[in-house]
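What follows is calculated from the coordinates using simple rules that are stated; it is not laboratory data. Here the structure is a predicted model, which is why all the values come from computation and not from measurement. Here the Cβ positions follow ideal geometry from the backbone for every residue, glycine too, while neighbour counts run over all protein chains shown.
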Amino acid sequence: SNYKITPELILKYKLLGTNADKHQLNYEGKAYMNISNDYADENIPRELTTANFLDTHSAFSTSAKSFGFTTKHTLTFTPHFENEDHYLTALGRFELATGNNSTQATNANRLAEGITNPSAGARLTSLSSTYGEWKQIFWLFSAHYSWKSRYMVDFTIRIDGTTRFGEDNRWGYFPAISGRWNIIDEPFMKKVREKVKMNM
């Protein structure tokens, strides 16, 4: 049997103006969990195995559990310009996540007929268990600027820290920059635009 639960809480708030003709600063907060449990019990009767007679009628019991918690906070700032040729938006985000997982397994054989639980006085052939935990944190900053929706520049930098990286390299830095030119919107492309419209 297994089950998985993923509850989530979201909070949104407009800190400044609510319309496009005002400066806007919007906040969004999220908190969510990921809870998972998986249990399995199996047994192999003597009639279904070709193993040594004394080692027949085996049973296996396993369980796996995991829990993760994440909180994410995002601020988005969009200033209003009187000159509408300009457009700018900037985003900052912080996220923190923690989690753990554990497993247990029990194998046994030489069970009496009708017994399916490996802990019921059988010969244990193996016992195992594992446990692990992890933590992760990241910051993100992103900005987008455009002029007349013709020239656009985007800049992003993300900083990650996690226990899943090596001990000597816990942090990663990931910058990116890109640009775009919508040449079709240039005045000298007017004839091309008109020809395209005529062929549509």
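In deg cm²/dmol, rounded to 500, what helix-only [θ] at 222 nm does the chain give when every DSSP H run of at least 4 residues adds -39500 (n - 2.57) and the total is split over its residues? Walk me through the numbers before you get to the answer.
Working: 1 runs with 10 residues, N = 200.
Value at 222 nm, helices only, nearest 500: -1500 deg cm²/dmol.
Cross-link partners of LYS14 among aspartates and glutamates, defined as those whose alpha carbon lies under 15 angstrom from its own and excluding same-chain residues fewer than eight positions apart: GLU28. Charge dipole of the chain (Cα centre as origin; +1 on each Lys and Arg Cβ, -1 on each Asp and Glu Cβ, all else neutral): 700 debye, rounded to the nearest 20.
Within the same chain, lysines fewer than 8 places from LYS195 are excluded, and of the rest, those with a Cα less than 30 Å from its Cα are LYS148.
A protection proxy built from the mean count of other Cβ atoms within 10 Å ranks the segments 130-143, 167-180, most packed first, as 130-143, 167-180. Helix 190-199 axis versus longest C-alpha principal axis of the chain: approximately 60°, rounded to the nearest ten. Within the straight-line cut-off of under 14 Å between alpha carbons, the aspartates and glutamates reachable from LYS30 are GLU8, GLU95, sequence neighbours fewer than 8 places apart in one chain being disregarded.
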